[in-house]
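Everything below concerns the one structure shown next.
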């Protein structure tokens, strides 16, 4: 069932299709047609109102900086331009449910940011978005929940919960000066690990919220002057590698 419609019911099939937008791993565009004609064709396939369709085509092509080339055959486009048209095709009929497979592939940083901004705006409208990507930085910026796959689903949670459960709990202390007296004072507090580089000390703890104040006191008691205390969580890349290596 999707939003009350039965996926096995032929009468519901078109209703379901109208609700869905998809960016494939290939472009699936008609290369002899212009970008505008491609989008108009697919929009009509969704039976989207013609006036709104024209408005959306113009809006999204301008946002992605290809409006001026809307009448050129898609076959003459670069991979990045074709990717933009494929993304617009998924959006023009205002779907409630989006499936995006590597939507920023082949795009330059500016266009990638535009696509991310569009996705974030759609999130605010309470649309459901499935994002399939290897770009973990993109996942971090966009996703509310993350599923990690390796032939099957091996983990699913919010990014912050995955990082907290799997990543190391690291705290960095930036001091005016690091010496052996300070390091000895910290070692006496039994951190999981301790390392120093220049005027920085990095501690791994079991419970940073509870333990950090005592380590601050130890540094100050040993005559240290603290400039900053920075908590460092695991990145999603570290979480991913930790998960797949255990499987």
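The values are calculated or read from the model by the stated rules, or taken from the named source; none is laboratory data. These numbers were taken from a predicted model, which means no experiment stands behind them. Glycine gets a Cβ as well: all are built from the backbone with ideal geometry, and neighbour counts include every protein chain shown.
Structural remarks
- From the options 72, 105, residue that is in the same structural domain as residue 130 (by TED's automatic domain parsing) and crowded, with 16+ Cβ neighbours inside 10 Å: 105
- Residue 79 vs. criteria assigned by TED's automatic domain parsing to the domain that holds residue 121, surrounded by fewer than 21 Cβ atoms within 10 Å (Cβ to Cβ), without any contact (Cβ under 8 Å) to a residue 40 or more places away in the chain and more than 25 Å from the chain's Cα centre (by Cα): no
- Of the residues making up the range 206-247, those that are without any contact (Cβ under 8 Å) to a residue 60 or more places away in the chain, in a strand (DSSP E or B) and surrounded by 13 or more Cβ atoms within 10 Å (Cβ to Cβ) are 226, 229.
- Test: residue in the range 164-172 that is modelled with pLDDT of 90 or more, over 26 Å from residue 98 (Cα atoms) and over 28 Å from the mean Cα position of the chain (by Cα): no
- The range 162-183 - residue that is surrounded by fewer than 14 Cβ atoms within 10 Å (Cβ to Cβ) and out of contact with any strand residue (DSSP E or B) (no Cβ under 8 Å at 6 or more places or on another chain) and, of those, nearest to residue 217 (Cα to Cα): 181
- Only one of the listed residues (153, 186, 203) is surrounded by fewer than 18 Cβ atoms within 10 Å (Cβ to Cβ), without any contact (Cβ under 8 Å) to a residue 40 or more places away in the chain and either on the phi < 0 side of the Ramachandran plot or under 30 Å from the mean Cα position of the chain (by Cα) (or both). That residue is 153.
- Matching residues, the range 27-38, being surrounded by 19 or more Cβ atoms within 10 Å (Cβ to Cβ) and either outside the structural domain of residue 72 (by TED's automatic domain parsing) or part of a helix (DSSP H, G or I) (or both): 35, 36, 38
- Only residues that are at negative phi and outside any helix (DSSP H, G or I) were counted in the range 102-129, giving 9.
Conditions tested, residue by residue: (1) over 19 Å from residue 119 (Cα atoms); (2) assigned to a helix (DSSP H, G or I); (3) assigned by TED's automatic domain parsing to the domain that holds residue 122; (4) over 24 Å from the mean Cα position of the chain (by Cα).
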| residue | (1), (2), (3), (4) |
| --- | --- |
| 22 | no, no, yes, no |
| 25 | no, no, yes, no |
| 40 | yes, yes, yes, yes |
| 47 | yes, no, yes, yes |
| 62 | no, yes, yes, no |
| 90 | no, yes, yes, no |
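- Among the residues of the range 120-140, the ones that are surrounded by 13 or more Cβ atoms within 10 Å (Cβ to Cβ) and within 10 Å of the chain's Cα centre (by Cα) come to 8 in all.
- Scanning the range 189-201 for residues that are over 14 Å from residue 220 (Cβ atoms) and out of contact with any strand residue (DSSP E or B) (no Cβ under 8 Å at 6 or more places or on another chain) yields 190, 197, 198.
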